[in-house]
Amino acid sequence: MVTDTTNQPFVRNAWYVAAWPEEIDEAPLARTIMNEPIVMFRDADGNVGAIEDRCCHRGAPLSHGTVVEKGLQCVYHGLVFDGDGKCVKIPGQKTIPDQANIQGYPLFEQHKIVWIWMGDPALADESMIVGYPWHDQTDKWPHRKECYSIKCNYMLMIDNLMDLTHLGYLHTKTIGGDPMIHVDADTTVDRTKTGVLLTRWMLDSNPPPTYQKGLGFKGKVDRWAEFEYFAPSTIVQWSGGLDVGKGARENREQDGFHLRLLHAVTPETETTCFYFWSTANGHRQDEPQATEDMYNEIVATFIEDIDILEAQQSRIDLNPDRPLVSIYSDGAMTYARRALREMIDGDDAGVGSIAE
Amino acid sequence: MVTDTTNQPFVRNAWYVAAWPEEIDEAPLARTIMNEPIVMFRDADGNVGAIEDRCCHRGAPLSHGTVVEKGLQCVYHGLVFDGDGKCVKIPGQKTIPDQANIQGYPLFEQHKIVWIWMGDPALADESMIVGYPWHDQTDKWPHRKECYSIKCNYMLMIDNLMDLTHLGYLHTKTIGGDPMIHVDADTTVDRTKTGVLLTRWMLDSNPPPTYQKGLGFKGKVDRWAEFEYFAPSTIVQWSGGLDVGKGARENREQDGFHLRLLHAVTPETETTCFYFWSTANGHRQDEPQATEDMYNEIVATFIEDIDILEAQQSRIDLNPDRPLVSIYSDGAMTYARRALREMIDGDDAGVGSIAE
Amino acid sequence: MVTDTTNQPFVRNAWYVAAWPEEIDEAPLARTIMNEPIVMFRDADGNVGAIEDRCCHRGAPLSHGTVVEKGLQCVYHGLVFDGDGKCVKIPGQKTIPDQANIQGYPLFEQHKIVWIWMGDPALADESMIVGYPWHDQTDKWPHRKECYSIKCNYMLMIDNLMDLTHLGYLHTKTIGGDPMIHVDADTTVDRTKTGVLLTRWMLDSNPPPTYQKGLGFKGKVDRWAEFEYFAPSTIVQWSGGLDVGKGARENREQDGFHLRLLHAVTPETETTCFYFWSTANGHRQDEPQATEDMYNEIVATFIEDIDILEAQQSRIDLNPDRPLVSIYSDGAMTYARRALREMIDGDDAGVGSIAE
């Protein structure tokens, strides 16, 4: 079997993470998404807006400008645009023609995440946004957030996250351990309405170093890793382990080692992306160092991933249409690509997202 | 109204500043103009020549070579070319075929400026060169010269110079002051035979910091700024101020604060240019520090300009044909673009420059 | 006469130097040849293999992997390939489909040189490889090897080596001396079955500084320089000098100043190449410093060459089809280009190399 290899087209009618809220402060934030230069800013009332980063007048980037009372002011000749892209001031001129308006993008802030809608605004339904309530439970889930720029098509990162067999090869120096543990784990892959759910159980197994460092186990543990992919580009992960005998399979909501991650990959261009991730620990919540340690371990792993993803993209760039060869352990990745494909088809047909 | 936005084509039948004379010393000077690599050199008699920077034999750049008695010698195999591009020596060979000659460009040195003609040599009329006699009056107009490389189409720089409303937004930290002074100034724009004349008067106004630092005024001043655009790419500026009551509008040739600038923008490629500028002060002429101070103030302003021009070009590059929106204060810029357009049309028709 | 100027197409059915053996140690070696990313590695038995540097599974570069018992293991998901490109292991999977195999390249190690065949493997005849037995005679010919990356089409380097008139212009600071010595030398150029033989004699001449430093002569010498070009990209050089009266023209195999160089230029892309060179001295063989001194003199010269070759390529890039003008002293270079042209024609016809 030969898989889908070319750089994936963009799904426009979908929500993407555009920024972490703290990135948008007094200064405007410039970010290119799907090849479109966008500027985000927060107005006097604290509302965020996203508009194209190009003044209608002479094309200067608005991100060089400053936030003023009514909106964002261009640094070149002082035109002002509000968060919807409406031009509200042209110095020296009383009437403002309609053609002075620029493109605005629906933006929505929820669970300490700023989401952007890149498609038809009429289809922008906020109820379709992937929920991540743990960000709002700081006491129970202390967390740390990050944004990486990676030189690869966004789907290579999704592939990477939906495939855990690479842990034993790529991450031998960090979280890997014995490769066959990962290849032979009890894995289930299910299609969901909005994507794919990948679950792995390693019962009665030795706790890996990260788990030991995080919590300290005396004996063996029942471990799980759950990755839910919401097409096109969000993954919610829950990994953890409980002492054997606590009945982890029936009820994971008990004290133990718990880790939740949000992974959101936003296309910058066909061959570059932003990788937003957040790690929350559900153990030793009153120790900031536990959160910091977990963050640092994950960073080390992700650096290994970025290195191979960018190398992989450099090879794909040589001939994006050249086929790749699927192997048995590609299951979840293949399901995720299939879910994306359906969404791309839906996007082309203008029917909006498959997400509810 | 929607303006001319694409990168402007080159007008070939016109004079451009190619270099400051002091840039061409013992070593040859390489500079690409209108995508053509050119080498300039000064022969034993002190005459400057400009020829293509590519040896006819194996394509090596002649700018790597050395000036010898008869011309410029290629470093690779020793061929020698004179200032007109004629091959005058091929080592080991007695006859020199005509095809060994390379392209020469008419060059003319006047008023301490080296001008080059990029079009049909038969049309190269030196009387069309923009005069700048102040360079020859060092006692009355001490000056300092500079050349910047800017990553933008040359017309973006011309736009910038023919538009003074940006001073109040882009240059707030340097020469700007209150934006509305610039937007509301008494401005006249006239077509001339060779381009556009923009004149601004601010009568009975507070002298700006630059004027105060330069000369020191006790009360209010009558200020002017005059920009004469000679299509395609030269602007001669005269700015200054006199004490109110001295009759500035009738006679500016009196003691006061005086500043003359030459601005000449030479296309390197469609999206890069050389910006030659020279600043001369007509006050405190016997104090070199006055010239130096003026130069430093202008440098600070131009750095702000370069920053926004390159950002503007980066946006235009994304879609050079996308329309821009004109505003009321674009008057002089629009006139300048119109003068250029006529010149482009004339250039296409092979009728030479509109300059006399 | 106007010469062949465009970047030369690749001759695939030919042997090229791919590496020096010592470059391929425990770690795999990545090198792009003729636009194809290749990885070379040495297996447990010491045999070298060359395969495409792209895993069939997800496109990751195999050069990021590690050498294991059976071959080279991909760092991403653990697939293993042997030196012929055969996939010998897919973790988690028992059968290996044929389509999992990747491209292998015939590789041959001879005379301390690793040669690669870029064409049809069925035509890869090892007897066609250029012999360089002096590498195996370390006592008689102590040597030092190097590999440079040069940003030019490989034939510009061949041109440079087959043309000695440039010594008097480009290398005046190093080995040049009087230009006319080189232009007027007694030069013969002969076509051979496999390329071109260029021989130059300078009888009864002053020994140049390099010769003096190398051996020390009391009087004049009979000097020679012999360059044999084996199309497409190898040159074997023998330069030296004997005291006048020893009968150098009849028998060069006597004690004196002797220098042998291997020059092998391997195309990386159309406009970049690898230049492998090795210098062996046949005088003062028991003094390592003599080899070192010779190496250092040659490095200084080659740096001058690289500088002009890259500058030359930058001009050719502007218009690769623009003609160049031949001069009388281009003889050997022209013959070499003609030999290459025949080989290109043979390559197109699939008849293999002109080399025996």
So for the protein assembly as shown, taking the charge dipole from beta-carbon charges (+1 Lys/Arg, -1 Asp/Glu), which of C:256, C:103, C:149 sits furthest toward the positive end? C:256
Trypsin sites (Lys or Arg not before Pro) restricted to the stretch B:1-89 and DSSP loop, no more than 15 other C-beta within 10 Å: B:70
So, with +1 on the Cβ of K and R and -1 on the Cβ of D and E, and no other charges, what is the size of the charge dipole of the protein assembly as shown about its Cα centre, to the nearest 20 debye? 200
Geometric extent, Cα atoms of chain B - Rg, Dmax (angstrom): 22.1, 76
Can you bin the protein assembly as shown into rounded, prolate or oblate? Criterion: square roots of the alpha carbon gyration tensor eigenvalues sorted a ≥ b ≥ c, rounded for a/c under 1.5, prolate for a/b above b/c, oblate for the rest. oblate
Karplus 3J(HN,Hα) series, Hz, for the stretch B:47-57 with 6.51 cos²θ - 1.76 cosθ + 1.60 (x for Gly, Pro): 7, 8, x, 10, 9, 5, 8, 7, 6, 5, 6
Options B:274, B:344, A:320, ranked by Cα towards positive dipole end of the protein assembly as shown, top entry (Cβ charges): B:274
Using a Förster radius of 35 Å, what is the FRET efficiency between residue B:30 and residue B:319 based on their Cβ-Cβ separation? Nearest 0.05, please. 0.60
Lone cysteines in chain B, going by a 4.7 Å Cβ-Cβ cut-off? B:56, B:87, B:147, B:152, B:273
Taking R0 as 45 Å and r as the Cβ-Cβ distance between residue C:22 and residue C:173, the FRET efficiency 1/(1 + (r/R0)^6), rounded to the nearest 0.05, comes to 0.90
What residue of chain C sits with its beta carbon nearest the rotation axis taking C to B, and at what distance in whole Å? C:317, 12
Computed FRET value (nearest 0.05) for residue A:98 with residue A:296, which takes r as the C-beta separation and R₀ as 41 Å: 0.20
Students often forget the sequence filter, so: which lysines lie under 21 Å Cα-Cα from residue B:94 once same-chain residues fewer than 8 apart are removed? B:70, B:86
About the Cα centre of the stretch C:131-348, how large is the charge dipole given +1 on each Lys and Arg Cβ and -1 on each Asp and Glu Cβ? Please answer in debye to the nearest 20. 360
Relative to the longest principal axis of chain A, what angle (0 to 90°, nearest 10) does the C-alpha long axis of helix A:288-318 take? 70
Convex hull (Cα only) mean projected area of the stretch A:22-111, reported in nm² to one decimal: 5.9
Using only Cα atoms, tell me the angle between helix C:331-348 and the longest principal axis of chain C; keep it within 0 to 90° and round to the nearest 10. 20
For chain C, what is the mean residue ellipticity at 222 nm derived from helices alone (per DSSP H run of n ≥ 4: -39500 (n - 2.57); sum divided by total residues; nearest 500 deg cm²/dmol)? -6500 deg cm²/dmol
Distances in nm, one decimal, shortest first, from residue C:94 to the same residue in every other copy, taking the label point 7 angstrom along Cα→Cβ. 8.7, 8.7
Order of A:322, C:284, C:223 - criterion: other Cβ atoms within 10 Å of each residue's Cβ, fewest first: A:322, C:284, C:223
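Read the figures in this text as sums done on the coordinates, not as results from a lab. Quick caveat: nothing in here was measured; it's all calculated off a predicted structure. Heads up, the Cβs are rebuilt from the backbone with ideal geometry, glycines too, and the neighbour counts pull from every protein chain shown.
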